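The structure appears right after this line, and notes come after that.
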Amino acid sequence: MRASRRRLVLFAFALCAARAQADDSGLAQVLQGFARRTHAHSNYVEQQFLQVLRRPLESRGELRYDAPDRLEKQTLEPRAETLTAAGNVLTLQRGSHRHVLDLADYPQIAPLILGIRATLAGDRATLDRLFQVDFAGSLAHWTLELVPRDPATLHSVARIRIEGSGDDLSRVEIGQTNGDRSLMTLRPAPTP
Amino acid sequence: MNRRGALAVALWLMFLGAAAAVVLRAHYAADLSAFLPAHPTAAQQMLVDQLREGPASRLILGAVEGGDATTRAGVMRAFAAELRRSGLFLAVEDGEPVTAERDREFLFSHRYVLSHDIDAGRFSAAGLAKAIGATLEELTTPAGALFAPLLSSDPTGEMLAILAGLQSIPGPAHSAGIWTSADGRRSLVVAQTRAGGSDTDAQQRDIELMQQAFASVQPAGAVSAMSLRLSGPGVFAVRARSHIQQAAVRLSAASTMLIVVLLLLVYRSVPAVFLGLMPVLTGALAGVAAVALGFGTVHGITLGFGVTLIGESVDYSIYFFVQSRTGDGAAQRAQQWRRQFWPTVRLGVLTSICGFASLLASGFPGLAQLGAYSISGLLAAALVTRFVLPEIVPARLVVRDVAPIGARLGRVVGSVPHPRALLLGLSVVSVAVLAMHREALWNRELSALSPVPAADQEFDAALRKDLGTADVRDLVVVGGPNLESVLQAAERVGASLDAEVESGQLGAYDSPANYLPSQATQQRRRASLPDAATLRTRLREATQGLGVDDQRLAPFVAAVAAARDGALLGVADLQGTSLATGFDALILHSGAAWNALLPLHAVPGAENRALDTARLRAALASSGVTTATVLDLKQESDDLYAGYLAEAMRLSAGGLAAIVVLLCFVLRSAREVTRVLLPLVLAVLCVAAAFALAGRELTILHLIGMLLVVAVGSNYALFFARPDDGARPLTIAALALANVATVIGFGLLAFSRVPVLEALGMTVAPGALLALVFAALASGQRTHA
């Protein structure tokens, strides 16, 4: 009994070590791909699974990235609103109304924006600074799991899970600490 | 000295003592209120109150410059914390979310009395379904997603509604968590002082504390890297006061010194110079004392004006010393002077007094004070010259004979060919220049009178633009006997303004009722909340089609139940939140009168277009609030100044008319009157034309300066208009000396950093010189003819 448990622990260690190995080369490869890319444009469908709701809320829109630090999430349906993060400045635009906010004031969304942006920028240093980064899979299909390091952030965002193939994102899942979660499914926008 | 002489001297000494006592105890002020009407209309009163005591007058805007954004933000945080600790400020805001947590908590826990959307309909099954559906839709947007965790306790989205109401007016940009200018080079802070804006002493204390606090939070070794610049009404008042005081002291000292040197050179007698300053000293003391007694408060600008009087009042003693040369012994010479020259000096004094007396009638304390100051000062100086100087002049005192200088000057004037043609030509050119520039001749903005230098005004405007407080130009004001009544009125006005916002006529508006609804409204909202059992039933029905699990909305049911039993909010409940600052800024309270201000913001993108105030007035009329008025602050203050300028022109014209009447009465000859006045009028025209050519707009102070040119110049013209009794060289010398003294006094003023004093100096120094030259040329013509 005791021996089998020890074996299990060892096995787990071995597994972790193996993953860490894959981690570095795979993650580096993926991030290099992103770093080469200065522009990204996807259509998305987002589903929000809230505790209070029996069925998910659905919305769709577009996600754009321009190197080095501009990320734009444009919700088109059911209600149009655009969120732009450039540097530390958040801009919310709805109709003619525009709000300019400081990213630092919104710990609920900052890690999400910073995490996706750092991934798209291929910025390993920022990812490591803000998150405990876990990489799995291969370049063809990879998964990046980001757990915020900042304990204050952990009050709202528990983890971010990004999936993709090559230098395209395919799914972004955000798990809230309260059990709510949202799932964004992305498809590269057709180039005009 | 005979008994009458002794009496005169004794009276003079007593007067000096009494005047000095009054001057030392007088209260001095240096704000713009000198130029605000003494008997304002209701709208003007609002403006005056705002400028003097209103929340806007208590704002000190600060900008930290230099260093990189992060270091600057660190310094700003420490600086703001230091200021908050001092307790001298009602609020210190730099964009940090100091109260954000508290604000959110306050808004959230009182959402059922604060939300605009609460009424009975909202809590029917259909109303709930609609509100919850709208909230769910809101949650799908990036901003709305932030509210997802609140869904179980606020499914109807009241918090969203409250925040939308409060955030409709954009705030400043942020950088590193701190308010930042649009170009990112300045970090901004706004401090609201406890002391009123017109309490200049307290403002000065607060400003000094801010500077000390800033110095203390500077990181060691980086002393010069970052700097703090302050702005705002209090800062301006303090700065203006110190500038004016400095200018008054320094310029008085400088011009006195220069005049003393000049007189020493000419008189070659120390006692004569000393005695010659007696009328000046008496005049200055009498002027300030008269203003202090007559008005209670002496405006700084009046004090600055005092400098100018030195230049004029010294003239009387110059005439006395230079002209009293005939006769043996001081007494005889003085008697001779009295007989030969005093009538002319007396007429000159009377002419000046006539010119200034009209200012006494002004509805603006600043102008009336200038009038009172000049009249009492000149009168005192002239009386001392006439009654006291002859008594205290040592018997053997004789100043150097300056007749040769006068004779030489007279020859120079006489050698000018065709003086009349020259004068005529100058008049034609001046009038032509003025006619060409007549559109842009006068500055028509109240700010032209501000004692604040233009660069400071620009800096202030830039800060306000960055802070998003620049474009409040229009306000709706509602009055009432108590807070509740004005809040209710503000709510009714708000309802009609909502319609204007809806139709795109208005961008947004702010209202104190957004921060604290009236008790009546709070009661109505509370009364519309159903009890827990009813709410549960309705929720079940409402959530059926929405996919919401009504069992999970228990926190909502509990919150509504708590709000039904909760107390209504009062002003005290706002304390400690940033809402208190917002609320205080929009409520004015003086005596039994309460006013609520609703600042109006233009539609984004159309900030430069004037609001359609006529349309707004019609909308307000339909709201049924009879005390509501639309106030265009810029228009109001410009109207105020236009009225002020018109009044000053009317009064100046009145003063001129009084001078004409006086001269007609004394000289009894239209020809003589014309001969006296023409050189003066021409001098004024030339100066005005020179300003027009230089592209400088004229303000009221220039107008006052012109009045002074006439007042000072009338002495010259009167002397020149006298028949030549053989003392002409002496008279010319006396006038030339008096003129140089005047030009020194006003010329120094032209270098003042205080715009209004500078304007005065720039007008009078050249004007007085021209008045003398023109008067001499006009008389030269007569000698030739």
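Look through the stretch B:377-435, keep the residues that are of a type in the set (Ser, Thr, Tyr) and touching a helix residue (DSSP H, G or I) at 6+ places or on another chain (Cβ under 8 Å), and return whichever of them is surrounded by the most Cβ atoms within 10 Å (Cβ to Cβ).
My answer is B:385.
Conditions tested, residue by residue: (1) among the aromatic types (Phe, Trp, Tyr); (2) over 20 Å from residue B:146 (Cα atoms); (3) in contact with a helix residue (DSSP H, G or I) (Cβ under 6 Å, 6 or more places away or on another chain).
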position	(1), (2), (3)
A:61	no, no, no
A:64	no, yes, no
A:75	no, no, no
A:95	no, no, no
A:113	no, no, no
A:118	no, yes, yes
A:129	no, yes, no
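Being away from every other protein chain (no Cβ under 14 Å), of a type in the set (Val, Ile, Thr) and in a helix (DSSP H, G or I) is the filter here; which residues of the stretch B:96-139 pass it?
B:113
Go through the stretch B:473-487 and count every residue that is closer than 7 Å to residue B:594 by Cβ and acidic (Asp, Glu).
The total comes to 0.
How about the stretch B:629-648: which of its residues are at pLDDT 75 or above, over 14 Å from the mean Cα position of the chain (by Cα) and part of a helix (DSSP H, G or I)?
Answer for the stretch B:629-648, where residues must be at pLDDT 75 or above, over 14 Å from the mean Cα position of the chain (by Cα) and part of a helix (DSSP H, G or I): B:639, B:642, B:643, B:645, B:646, B:647, B:648.
Collect the residues in the stretch B:500-527 that are of a type in the set (D, E, K, R) and assigned to a helix (DSSP H, G or I), keeping them in residue-number order.
B:500, B:502, B:524, B:525, B:526
Report, by residue number, each residue of the stretch A:52-75 that is in a loop (DSSP other than H, G, I, E, B) and away from every other protein chain (no Cβ under 11 Å).
Passing the criteria: A:67, A:68, A:69.
Going through the stretch B:568-579 one residue at a time, which ones are of a type in the set (S, T, N, Q), surrounded by 16 or more Cβ atoms within 10 Å (Cβ to Cβ) and not in a helix (DSSP H, G or I)?
B:577
State whether one or more residues within the stretch B:590-607 are in a loop (DSSP other than H, G, I, E, B), in contact (Cβ under 8 Å) with a residue 60 or more places away in the chain and polar (S, T, N, Q).
Checking the stretch B:590-607: not a single residue is in a loop (DSSP other than H, G, I, E, B), in contact (Cβ under 8 Å) with a residue 60 or more places away in the chain and polar (S, T, N, Q).
Select from the stretch B:543-567 the residues that are buried (at least 18 other Cβ atoms within 10 Å of the Cβ) and at the interface with another protein chain (Cβ under 10 Å from one of its Cβ atoms) and list them in ascending order.
B:543, B:546, B:548, B:550, B:553, B:556, listed by residue number.
If I ask for residues that are under 18 Å from residue B:737 (Cβ atoms) and either part of a loop (DSSP other than H, G, I, E, B) or without any contact (Cβ under 8 Å) to a residue 12 or more places away in the chain (or both), which ones from the stretch B:255-311 would you list?
B:257, B:261, B:264, B:265, B:268, B:269, B:270, B:274
Among the residues of the stretch B:748-765, is there at least one that is touching a residue at least 24 places away in the same chain (Cβ under 8 Å) and more than 32 Å from the chain's Cα centre (by Cα)?
Checked against the condition, which is being touching a residue at least 24 places away in the same chain (Cβ under 8 Å) and more than 32 Å from the chain's Cα centre (by Cα), the stretch B:748-765 yields no hits at all.
One residue is enough: does the stretch A:87-110 have a residue meeting the conditions more than 11 Å from chain B (Cβ to nearest Cβ) and in a strand (DSSP E or B)?
No; the residues of the stretch A:87-110 include none that is more than 11 Å from chain B (Cβ to nearest Cβ) and in a strand (DSSP E or B).
Among the numbered criteria (1) in a helix (DSSP H, G or I); (2) in contact (Cβ under 8 Å) with a residue 60 or more places away in the chain, which one does residue A:135 miss?
Against the list (1) in a helix (DSSP H, G or I); (2) in contact (Cβ under 8 Å) with a residue 60 or more places away in the chain, residue A:135 comes up short only on (1).
Determine which member of the set B:777, B:708, B:770, B:735 is in a helix (DSSP H, G or I) and either farther than 26 Å from residue B:662 by Cα or touching a Ser or Thr at 6+ places or on another chain (Cβ under 9 Å) (or both).
Exactly one of B:777, B:708, B:770, B:735 is in a helix (DSSP H, G or I) and either farther than 26 Å from residue B:662 by Cα or touching a Ser or Thr at 6+ places or on another chain (Cβ under 9 Å) (or both), namely B:708.
When residues of the stretch B:117-175 are filtered for being at pLDDT 85 or above and of a type in the set (Phe, Trp, Tyr), how many remain?
Of the residues in the stretch B:117-175, 1 are at pLDDT 85 or above and of a type in the set (Phe, Trp, Tyr).
Going by the structure shown, is residue B:530 assigned to a loop (DSSP other than H, G, I, E, B), over 30 Å from residue B:618 (Cα atoms) and not acidic (Asp, Glu)?
Yes; evaluated as a whole, the condition is true for this residue.
Just for the stretch A:138-186: of the residues that are in a loop (DSSP other than H, G, I, E, B) and either touching a Lys or Arg at 6+ places or on another chain (Cβ under 6 Å) or within 13 Å of chain B (Cβ to nearest Cβ) (or both), which one is surrounded by the fewest Cβ atoms within 10 Å (Cβ to Cβ)?
A:179
As an exercise: evaluate residue B:91 against (1) away from chain A (no Cβ under 14 Å); (2) over 25 Å from residue B:514 (Cβ atoms) and give the number of the one condition it does not meet.
Answer for residue B:91: the failing condition is (2).
Pick from the stretch A:137-186 the residues that are under 22 Å from residue A:39 (Cα atoms) and among the polar types (S, T, N, Q): which of them is modelled with the lowest pLDDT?
Here the answer is A:165.
Taking residue B:698 and the conditions (1) in contact with a Leu (Cβ under 7 Å, 6 or more places away or on another chain); (2) more than 13 Å from residue B:430 (Cα to Cα); (3) buried (at least 24 other Cβ atoms within 10 Å of the Cβ), which numbered condition does it fall short on, given that it satisfies the others?
Answer for residue B:698: the failing condition is (3).
Every residue, every condition in (1) polar (S, T, N, Q); (2) within 30 Å of residue B:555 (Cβ to Cβ); (3) surrounded by 21 or more Cβ atoms within 10 Å (Cβ to Cβ); (4) within 14 Å of chain A (Cβ to nearest Cβ), yes or no:
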residue: B:146; (1), (2), (3), (4): no, yes, no, yes
residue: B:151; (1), (2), (3), (4): no, yes, yes, yes
residue: B:154; (1), (2), (3), (4): no, yes, yes, yes
residue: B:166; (1), (2), (3), (4): no, yes, no, yes
residue: B:172; (1), (2), (3), (4): no, no, yes, yes
residue: B:179; (1), (2), (3), (4): no, no, yes, yes
residue: B:194; (1), (2), (3), (4): no, no, no, no
residue: B:237; (1), (2), (3), (4): no, no, yes, no
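The values are calculated or read from the model by the stated rules, or taken from the named source; none is laboratory data. On a predicted model such as this, the values are computed, not experimentally measured, just so you know. Positions of Cβ are generated from backbone atoms using ideal geometry, with glycine treated the same way; all protein chains shown enter the neighbour counts.
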